[in-house]
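S.K.: Input: one structure, supplied below.
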Amino acid sequence: MKLSIKKKPALSEVLNIRATKKLINDFYPYAKKELNINKPVKVEFKIDYENANDPMGKTGYYDPNNNIIGLYTVNRHPKDVLRSFAHELTHHA
């Protein structure tokens, strides 16, 4: 599983993304086994301040053509981003 950041984040977002990456890396082996995932997935952290200010903004998405999970992280607690990751991972399975 590859983890990447598409836009340079503020320092507070860097710390948040570090915590989130750790949670995802800890959770992924369990989810991979339980969901019987056999194909690789790429995770992209999205830094989108406009989306973060929208009460109905996106939290995540899955791109099945490229096996990419996109996670919006600005102003979100790491456990909330992990919840979005788990949800999007079900689309990948």
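The values are calculated or read from the model by the stated rules, or taken from the named source; none is laboratory data. The model shown is predicted, which means the values in this text are computed figures rather than measured ones. Cβ sites come from the backbone with ideal geometry, for glycine too, and all protein chains shown count toward neighbours. Ligands, DNA and RNA are stripped out before the accessible areas are found, and what is left, the full protein with its side chains, is counted by its heavy atoms. Shrake-Rupley method; radii C 1.70, N 1.55, O 1.52, S 1.80 Å.
S.K.: Within the stretch 7-22, does at least one residue satisfy the condition of being modelled with pLDDT under 95, small (G, A, S) and part of a loop (DSSP other than H, G, I, E, B)?
M.R.: Yes, because at least one residue in the stretch 7-22 is modelled with pLDDT under 95, small (G, A, S) and part of a loop (DSSP other than H, G, I, E, B).
S.K.: Run down V74, V81 and say which single residue is surrounded by 15 or more Cβ atoms within 10 Å (Cβ to Cβ) and not in a loop (DSSP other than H, G, I, E, B).
M.R.: On inspection, the qualifying residue turns out to be V81.
S.K.: Is at least one residue of the stretch 56-69 at pLDDT below 95 and surrounded by 13 or more Cβ atoms within 10 Å (Cβ to Cβ)?
M.R.: For the stretch 56-69, residues at pLDDT below 95 and surrounded by 13 or more Cβ atoms within 10 Å (Cβ to Cβ): absent.
S.K.: Okay, moving on. What are the pairs, 6+ residues apart or on separate chains, where a residue within the stretch 49-67 that is of a type in the set (A, V, I, L, M) has its Cβ under 8 Å from a residue that is open to solvent by 100 Å² or more (accessible area, probe 1.4 Å)?
M.R.: If the second residue must be open to solvent by 100 Å² or more (accessible area, probe 1.4 Å), the pairs left are A52/N75.
S.K.: With the requirement that a residue be of a type in the set (D, E) and either farther than 15 Å from L71 by Cβ or assigned to a helix (DSSP H, G or I) (or both), what does the stretch 23-46 give you?
M.R.: D26, E34
S.K.: Let me spell it out: the conditions are (1) on the phi > 0 side of the Ramachandran plot; (2) in contact with a strand residue (DSSP E or B) (Cβ under 9 Å, 6 or more places away or on another chain), and V14 meets all of them except one. Which number is the exception?
M.R.: (1)
S.K.: Residues in the stretch 51-59: is at least one within 19 Å of L89 (Cβ to Cβ), assigned to a loop (DSSP other than H, G, I, E, B) and touching a His at 6+ places or on another chain (Cβ under 9 Å)?
M.R.: Yes, some residue in the stretch 51-59 is within 19 Å of L89 (Cβ to Cβ), assigned to a loop (DSSP other than H, G, I, E, B) and touching a His at 6+ places or on another chain (Cβ under 9 Å).
S.K.: Are there any pairs, at least 6 apart or on different chains, whose C-beta atoms fall under 8 Å, with the first in the stretch 17-37 and hydroxyl-bearing (S, T, Y) and the second surrounded by fewer than 16 Cβ atoms within 10 Å (Cβ to Cβ) and not in a helix (DSSP H, G or I), and if so, which?
M.R.: Correct list of pairs: Y28/M1.
S.K.: For the stretch 37-50, enumerate the residues that are closer than 16 Å to A93 by Cβ and open to solvent by 20 Å² or more (accessible area, probe 1.4 Å).
M.R.: Within the stretch 37-50, N38, K39, P40, K42 meet the criteria.
S.K.: What residue, among those in the stretch 11-36 that are hydroxyl-bearing (S, T, Y) and farther than 19 Å from D48 by Cβ, is surrounded by the most Cβ atoms within 10 Å (Cβ to Cβ)?
M.R.: The qualifying residue surrounded by the most Cβ atoms within 10 Å (Cβ to Cβ) is Y28.
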